[in-house]
Every structure is written in structure tokens, then in C-alpha cells.
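In what follows, a single structure is set out as C-alpha cells and then discussed.
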């Protein structure tokens, strides 16, 4: 029997639901054909078509948007020779990974929070950098406002992007040789580029089915206050520690301590930290493997693009299968985005940066979880900030 497939036979499983009995084990005679067919359906799982519940057509399109958007951002950062390439790579994957559908309202939130962050950075660093206690109190107030928006729900993107962007800019601005105008300009430019890239990806890979809106959990006023103070306190303590300790290349570790707070609920923060640690390990290991394969050809943009896109697609698939939460997939995406966006250059050692990132992120997450647990217990002692989460 011939094992050759026509285009119609290969195309049909990609466009239609599988026939009844598709989960049954294949007969020995059909084993080679079933194995070949499974390669076409790898992105949906082993022997699972793309239209299955694990990864439907919309999920596949979102994977292509995330990987394509981040890869295009990397190309733009290389063409611009930006010293803050991490913005151009991470912002598109953050926008396309957290919010599946980008519209005018989302674009206004994304660009608006960047512009506001630039104004806040100018005021905080320009006027308060000589008074560390006052500056820390101002940063706490800014973080509290962002986490309050995230806890309420409708402006989650505005708050989350504000926390990440402000944390990165505060980290870089703490060093005296940093050009603040260049930092803010690159951040604002990267936000416009991220929105443009996201809209382009949505045109190239649109959803084929309407998405159901996510249900928002009902929260009491005490729980909103608890989540706001918990996130703002831990984020501010992380900012203060990284201001005191001289860790110039530890930006990823500080961001990790902030991203785990996006779960808002304390038990979910623990699971997020575990997944983020594992995702960081996998992302760094994959980046190191790519560095070894590329060796001295990291200055060849085309050769770098191919393994980068494959790695991004792999972690984007994991991110979608996890339900779009901040887990292993999204951690692997941001790890590759930071390493390739900031450290891939002929005069950079990505291998050292990857190992340093693994160790620093693990230490930061352990310390961050310990502080989060203590603050959570403290807030639960008061009626006004008590939540139903176990202490």
C-alpha cells in the first residue's frame, strides 16, 4: 500500500474535526501513516488535531502572533541598533500573550501607561533621587496605584504593563551612566512599535472564531485592599533591595519578583513562582543551546532568526496550553526575549548571561516568596485587609 499523501489528504485534518474513533490505536499496517500524520498535528499535541480542545485554531493563530511579533521586534531592535532591545522583544510578546485581541482601547492603555511612566520617572528620579526614603515612598505610591487597577480587573493591562515598564526603567536609571532621555525615548518608541507589530500580527493571523470573554472573579473590598498592599509592598521592597545591592545585570531577577505578583492571590503566587523558575531554566537552557549552535555566527541576523522563532513558537504553544497565564510558557518567552534582546551581539557572552540569569532568578524568587508570605500573614491580621486565602 502506498504511503504517499495527496495535498487534500494532508490538508483535510487541518480544516475539519477528526472522524469518530480517531483516538483508537492504529493497526500495525497503518502505524507508519499514523506516525507521519502525528507530525502534522504536533502543535496540537500527540495524535491530536489542531481543532481539538487542547489547542484550537485560535490558539494556533495566537502562537503564531506571539512568536512572529517577538521575532519581528527583535529584528527591528537589531536594525535600530538599540541599547534597550529588551523593550522591542518583550513588549510585543507581553501585549499579544496577555491580551489575545488588541483593539483601540488596549492600544491606548499600552501607550498611555508608557507615557505616564516616563513622566513619573522624570519626577521621581529627577527630584527625589537624593532622598532615598522619600523616593521609596513615592515608588510605593505608584506601585499601589497600579496594583489597585489590576485587583479591580478592567484596567489590568494598564496596571501590569505599568509595573513592568516602571520597574525596568527604575532599575536602569539607578546607575549614574544611564541616559534617562534615551531610556525613556527607547521605551516609548518600543511601545508604539509593539502596538504596530501586534496589529500587523492580528491582520496576518486573525482569530477564526469569536473568543468568549473571561469571567472576572467577584472580590470584596477587603480583598482588593489586600492584593493592592501585598503587590505594592513586595514590589517596593524588591526595588529597594536592588537599589542597595550592586547588581547591574540582574534586571531579569527583579522583574521575576514583580511578575509573580500578577497572580494577586497568594496561593496562586506560589504556583506562579514554581512555574516561572522552571520556565526560566528551560528558556535559558534553550538559549544556551542556540548560542552553542550559532557559535561565532551571532552577527548573522538570518541565522539567529531561525532558532529564535522556533524557540518562541515552542514556548508560545506551552503558554496557550496553560490557559494564557503567567506560567512556564510565558516565563520561557520572556527569558528568551531578555537574553536575545539584550545580550545577543558579537561582543556579548550569552552563555554567561544565561547562567547568571538562572541563579539570580532562583535566588530572587525564593526571597520574593518568603517576603510575600510574611506580608500576606501581616495583612490578614487586620479586618480591613483580610482575605479568604489561607495564611
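The values are calculated or read from the model by the stated rules, or taken from the named source; none is laboratory data. Fair warning: this is a prediction, and the values are worked out from it, not measured in the lab. So basically every Cβ, Gly included, is an ideal-geometry build from the backbone, and we count neighbours across all protein chains shown.
Among the listed residues 207, 177, identify the single one that is touching a helix residue (DSSP H, G or I) at 6+ places or on another chain (Cβ under 6 Å) and in a loop (DSSP other than H, G, I, E, B).
Of 207, 177, the one residue that is touching a helix residue (DSSP H, G or I) at 6+ places or on another chain (Cβ under 6 Å) and in a loop (DSSP other than H, G, I, E, B) is 207.
Give the range 115-140 a look and list any residue that's under 29 Å from residue 195 (Cβ atoms) and surrounded by 13 or more Cβ atoms within 10 Å (Cβ to Cβ), or say none.
The answer is 115, 116, 117, 118, 120, 121, 122, 124, 125, 138, 139.
Please find, within the range 264-274, the residue that is nearest to the chain's Cα centre (by Cα) out of those that are more than 15 Å from residue 367 (Cβ to Cβ) and surrounded by 19 or more Cβ atoms within 10 Å (Cβ to Cβ).
Among them, the one singled out is 272.
Anything in the range 96-116 that is without any contact (Cβ under 8 Å) to a residue 24 or more places away in the chain and in a helix (DSSP H, G or I)? List them, or say none.
Listed by number, the residues that qualify are 104, 105, 108.
Condition check ((1) modelled with pLDDT of 80 or more; (2) under 13 Å from residue 225 (Cβ atoms); (3) surrounded by fewer than 21 Cβ atoms within 10 Å (Cβ to Cβ)) across all residues:
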{"site": "359", "(1), (2), (3)": "no, no, yes"}
{"site": "373", "(1), (2), (3)": "yes, no, yes"}
{"site": "380", "(1), (2), (3)": "yes, yes, yes"}
{"site": "384", "(1), (2), (3)": "yes, yes, yes"}
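Do you know which residues across the range 146-201 are closer than 21 Å to residue 225 by Cβ and surrounded by fewer than 17 Cβ atoms within 10 Å (Cβ to Cβ)?
152, 153, 154, 155
So, in the range 117-151, exactly how many residues are over 20 Å from residue 260 (Cβ atoms) and in a helix (DSSP H, G or I)?
20
Quick one: residue 218 ticks every box in (1) at pLDDT below 80; (2) within 26 Å of residue 63 (Cβ to Cβ) except a single one, so which number is it?
(2)
Counting residues that are touching a strand residue (DSSP E or B) at 6+ places or on another chain (Cβ under 7 Å) and either modelled with pLDDT under 75 or more than 25 Å from residue 372 (Cα to Cα) (or both), which helices (runs of 4 or more DSSP H) fully inside the range 240-337 reach at least 1?
Here the list is empty.
Taking residue 252 as the residue in question, decide whether it is closer than 24 Å to residue 149 by Cβ and in contact with a helix residue (DSSP H, G or I) (Cβ under 6 Å, 6 or more places away or on another chain).
Answer is no for this residue.
Collect the residues in the range 130-160 that are modelled with pLDDT under 85 and closer than 21 Å to residue 115 by Cβ, keeping them in residue-number order.
Result: 154, 155, 156, 157, 158, 159, 160.
Any residue that is crowded, with 19+ Cβ neighbours inside 10 Å, farther than 28 Å from residue 309 by Cα and modelled with pLDDT under 85 - is there at least one of those in the range 87-94?
There is no residue in the range 87-94 that is crowded, with 19+ Cβ neighbours inside 10 Å, farther than 28 Å from residue 309 by Cα and modelled with pLDDT under 85.
Could you tell me whether residue 237 is touching a residue at least 60 places away in the same chain (Cβ under 8 Å), closer than 24 Å to residue 77 by Cβ and either in a helix (DSSP H, G or I) or over 21 Å from the mean Cα position of the chain (by Cα) (or both)?
So residue 237 fails the test.
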